[in-house]
Amino acid sequence: MAESMKGLKRTHRCGELSAANIGEKVTVMGWVQKQRNKGGIIFVDLRDRAGILQVIFEEADCGAENFAKAEKLRSEFVAAVTGRVEKRAGAVNENLATGQIEIRAESLRILSEAETPPFPIETDSKTKEELRLKYRYLDLRRPDLQQNLMLRSRMTAAVHAFLKEEGFLEVETPILNKSTPEGARDYLVPSRIHHGCFYALPQSPQIFKQLLMCSGYDRYFQIAKCFRDEDLRADRQPEFTQIDLEMSFVDQEDVMDVTERMVAKVCKEAVGLDVALPMKRMTWDEAMRRFGSDKPDTRFGMELTDVSDTVKGCGFGVFTGALEAGGSVQGINVKGQAEMPRKKIDALVEFAKGYGVKGLAYLSVQQDGSYKSSFAKFMTEEELQNLAAAMAGEPGDLLLFAADKLKLVWSVLGALRVELAKQLGMLDENQYNFLWVTEFPQFEWSDEEERYVAMHHPFTMPMEEDLELLETEPGKVRAKAYDIVVNGMELGGGSVRIFQSDVQERMFEALGFTKEKAHEQFGFLLDAFKYGVPPHAGLAIGLERFVMQLAKTDNIRDVIAFPKVKDASCLMSDAPGTVEAKQLEELHLQVTE
């Protein structure tokens, strides 16, 4: 039978007690981790979000009634214990923060009984994630998940404190917006009152934070909920949170400076990590050429080498065919891996095919200076020597090559170097390489739409020296855009915004918008620009990705209380679900087969 608290007050959380409390009478409350009955003495591990504490029950101290209740305690019962803190009589538990002490119980109240949970509540659970997500309210009791969410709370508190000190105002922007389908797919919400019309959930507060700059608020921030109806990955969810900010009368240097100092403060306060400032910088072009990625992991080498000129005219048709089609041949040097088994190389080839190339070519430099290669028979000894030299290949090295369209080559080798670094244990989880990637292309060509689309969004300012190329060579225009990257993950990004109406009109034209279409989608922003708009710039950091890095997890679901799975459903609540016919009638909607 569960008991009430009857005025009983908790004095400490379980993990807050230490040797400094020895001799004190305390009351703690929490969940039973486990109970061990040794006959005349019962040991109970009591757990709350602060940690685990050992409690001992002996009938001489707590009385027959309380001892009898202690005998009934089982895993996940909720209990309140009053007793005295003592130095642990047995061996000290070095694995517990409270391992030097225990509570000698004087009274016990069982506040709630529990059925046997479907899986153990323990750190580093081996239970399948699908089962844990179905019972997420139990999964969230696990100490490692609780540590992640407490870390998230500390980080957001540090963000608030820093930005308020820097003169930022916290302003909430609407969740129900107008759909602007330039970007990812919107989540739509039907309107009951306006028949046939829909709201869209915000992909970001972009337009509204620019309007706040037009309204004179100068420095805005928000811990903003955002929604994107797109395919999920390990670092992506349909609803996510941004540290969103915007500043007036600034250029990109000001935004980058504030962001760097904010990131450094959060890292220091949340986990004691010192971040070296200023952060390193790299242009988009350099990042792609060296690492094949606009979010490069710079904790290890294995950089890309362009060998197109070296293999031009060689006898290997895969290389020459790619070059004749306007493509590129590039490679990476996997130091010391010349003896990698063929089975592993074949697995790397399959990995590469997943990125759209037909395969990989390899050349291993043997210790005696000879070569093993998938294409040796098509090239002369001199050509092989020149190729190895171009790759700085030494005896013991494995050289891997991709030949295709340039972007595809970058994509596959950029992913392959990271995959190899994981397999070879080259990634130090205690090393944090922050850097800025700058000067992104303003546009990228969409084969699907057969037009240029904005790489960031249509309000990003081009580099002044590239403005003359907007109409003639849009593919060469660079943007005043910048991403902050750490260890191969994009933490966030931003840009200087267009604030001149004539430049904005030229941008819309370059994107294929008519004036009517631009005004239909973004009219209220364009109208606001008629009434005096300051130069402004901003940035947004993905909060969950930031927490993932400091929590050292590669699964975004580990840092969200109630996440979705790959098909954007919630295994616990069964969302999304069907609704009653009456609700659909009110919205003038029909579900069709």
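The values are calculated or read from the model by the stated rules, or taken from the named source; none is laboratory data. Here the structure is a predicted model, which is why all the values come from computation and not from measurement. Methodologically, a virtual Cβ is constructed for each residue, glycine included, from the backbone with ideal geometry; neighbour enumeration extends over all protein chains shown. We work out accessible area using only protein heavy atoms, side chains counted, and drop any ligands, DNA or RNA first. Shrake-Rupley method; radii C 1.70, N 1.55, O 1.52, S 1.80 Å.
Observations
- If you go through region 49-70 and keep only what is of a type in the set (Gly, Ala, Ser) and part of a helix (DSSP H, G or I), you end up with ALA60, GLY63, ALA64, ALA68, ALA70.
- Considering region 98-129, the residues that are β-branched (Val, Ile, Thr) and over 16 Å from HIS12 (Cβ atoms) include one that is surrounded by the fewest Cβ atoms within 10 Å (Cβ to Cβ), namely THR116.
- Among residues of region 439-471 being modelled with pLDDT of 85 or more and of a type in the set (D, E, K, R), the one that is least open to solvent (accessible area, probe 1.4 Å) is ASP466.
- Output for region 232-279, where each listed residue is farther than 18 Å from GLN549 by Cα, of a type in the set (D, E, K, R) and either touching a strand residue (DSSP E or B) at 6+ places or on another chain (Cβ under 8 Å) or touching a residue at least 40 places away in the same chain (Cβ under 8 Å) (or both): GLU239, ASP244, GLU246, ASP251, ASP254
- Enumeration of residues in region 131-156 that are hydrophobic (A, V, I, L, M, F, W, C), free of Cβ contacts under 8 Å to residues at least 60 places away in the same chain and either loosely packed, with under 14 Cβ neighbours inside 10 Å or closer than 30 Å to MET213 by Cβ (or both): none
- Options MET302, MET247, MET256; residue that is touching a helix residue (DSSP H, G or I) at 6+ places or on another chain (Cβ under 8 Å) and within 30 Å of THR460 (Cα to Cα): MET247
- Restricting VAL271, VAL275, VAL263 to those that are among the aliphatic types (A, V, I, L, M) and open to solvent by 50 Å² or more (accessible area, probe 1.4 Å) reduces the list to VAL271.
- When region 201-220 is limited to residues that are touching a residue at least 40 places away in the same chain (Cβ under 8 Å) and aromatic (Phe, Trp, Tyr), the one that is surrounded by the most Cβ atoms within 10 Å (Cβ to Cβ) turns out to be TYR220.
- Cβ separations smaller than 6 Å between residues 6+ apart or across chains give no pair from region 312-341 residues that are farther than 14 Å from SER374 by Cβ to residues that are exposed (fewer than 12 other Cβ atoms within 10 Å of the Cβ) and of a type in the set (D, E, K, R).
- Search result, residues across region 6-48 that are under 18 Å from ARG88 (Cα atoms), in contact (Cβ under 8 Å) with a residue 40 or more places away in the chain and in a loop (DSSP other than H, G, I, E, B): LEU17, SER18, ILE22, GLY23, GLU24
- Some residue of region 54-63 being farther than 30 Å from ILE560 by Cα and of a type in the set (Gly, Ala, Ser): yes
Yes or no, residue by residue, for (1) charged (D, E, K, R); (2) out of contact with any His (no Cβ under 9 Å at 6 or more places or on another chain); (3) open to solvent by 10 Å² or more (accessible area, probe 1.4 Å):
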| residue | (1), (2), (3) |
| --- | --- |
| TYR482 | no, yes, no |
| GLY488 | no, yes, yes |
| LEU491 | no, yes, no |
| ILE498 | no, yes, no |
| LYS517 | yes, yes, yes |
| ARG557 | yes, yes, yes |
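- When TYR432, TYR371, TYR355 are checked against the criterion of being under 30 Å from GLU260 (Cα atoms), out of contact with any Gly (no Cβ under 6 Å at 6 or more places or on another chain) and hydroxyl-bearing (Ser, Thr, Tyr), TYR432 stands alone in meeting it.
- The number of residues in region 1-47 being open to solvent by less than 40 Å² (accessible area, probe 1.4 Å), touching a helix residue (DSSP H, G or I) at 6+ places or on another chain (Cβ under 7 Å) and under 20 Å from THR116 (Cβ atoms) comes to 5.
- Of the strands (runs of 3 or more DSSP E) lying entirely inside region 344-422, the ones with 3 or more residues being in contact (Cβ under 8 Å) with a residue 12 or more places away in the chain and within 16 Å of MET302 (Cα to Cα) are found at 361-365, 398-404.
- Some residue of region 88-97 being open to solvent by less than 60 Å² (accessible area, probe 1.4 Å) and in contact (Cβ under 8 Å) with a residue 60 or more places away in the chain: no
- Qualifying residue in region 70-78 (condition: touching a strand residue (DSSP E or B) at 6+ places or on another chain (Cβ under 7 Å), modelled with pLDDT under 95 and over 22 Å from PHE119 (Cα atoms)): no
- Qualifying residue in region 49-69 (condition: open to solvent by less than 50 Å² (accessible area, probe 1.4 Å), acidic (Asp, Glu) and without any contact (Cβ under 8 Å) to a residue 40 or more places away in the chain): no
- Hey, LEU526 under 21 Å from VAL250 (Cα atoms) and free of Cβ contacts under 8 Å to residues at least 40 places away in the same chain or not: yes
- Helices (runs of 4 or more DSSP H) wholly inside region 198-303 that include at least 2 residues being at pLDDT 95 or above and among the aromatic types (Phe, Trp, Tyr): 284-291
- Of all residues in region 102-122, at least one satisfies being closer than 21 Å to CYS570 by Cβ, of a type in the set (A, V, I, L, M), within 37 Å of the chain's Cα centre (by Cα) and part of a loop (DSSP other than H, G, I, E, B).
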